[in-house]
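The values are calculated or read from the model by the stated rules, or taken from the named source; none is laboratory data. Just so we're clear, the structure is a prediction, and the values are computed from it rather than from any experiment. We place every Cβ from the backbone using ideal geometry, glycine too, and count neighbours over all the protein chains shown.
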Amino acid sequence: MHPFTPFSASDIDEDELNAIAADYIALERLRIFRRLLVKRFGILTVIAAAVSLSSLSRPAFWFNVSLCLTPPVWAWVLEARRERRLAERINRLSRHSLRPEKVVKSS
């Protein structure tokens, strides 16, 4: 498994590590949820478009399609926001709050 942080877990506080792990898990859950929404609403959009293409006016058709595409787009926006928040937290932590290395002097 590839690491998702540019530092070792022992270099930071336990609370910060827990917060980063919680954000990462929330991001993964959002990704799974978005993928499910894209599949299910994609099928629904195709069915709704096929049914409404011949029976509805153009504005009603596009309104119907846009209603079907709104939940996956919203899930994608939430996923992007969560990913940006996690990246900012990791970057901020890796730049500022890492504990300094212990220096051992030899005589």
Inset, instruction - Among the residues of segment 52-62, count how many are surrounded by 12 or more Cβ atoms within 10 Å (Cβ to Cβ), in contact with a helix residue (DSSP H, G or I) (Cβ under 9 Å, 6 or more places away or on another chain) and assigned to a helix (DSSP H, G or I). - result: 3
Legend entry - Top-ranked residue in segment 46-75 [being of a type in the set (Val, Ile, Thr) and under 21 Å from residue 30 (Cβ atoms); ranked as nearest to the chain's Cα centre (by Cα)]: 73
Inset, instruction - Could you please find all residues in segment 21-44 being more than 12 Å from the chain's Cα centre (by Cα), surrounded by 14 or more Cβ atoms within 10 Å (Cβ to Cβ) and either closer than 9 Å to residue 72 by Cβ or modelled with pLDDT of 95 or more (or both)? - result: 37, 38, 41
Inset, instruction - For residues that are part of a helix (DSSP H, G or I) and touching a residue at least 40 places away in the same chain (Cβ under 8 Å), tally how many sit in segment 8-51. - result: 12
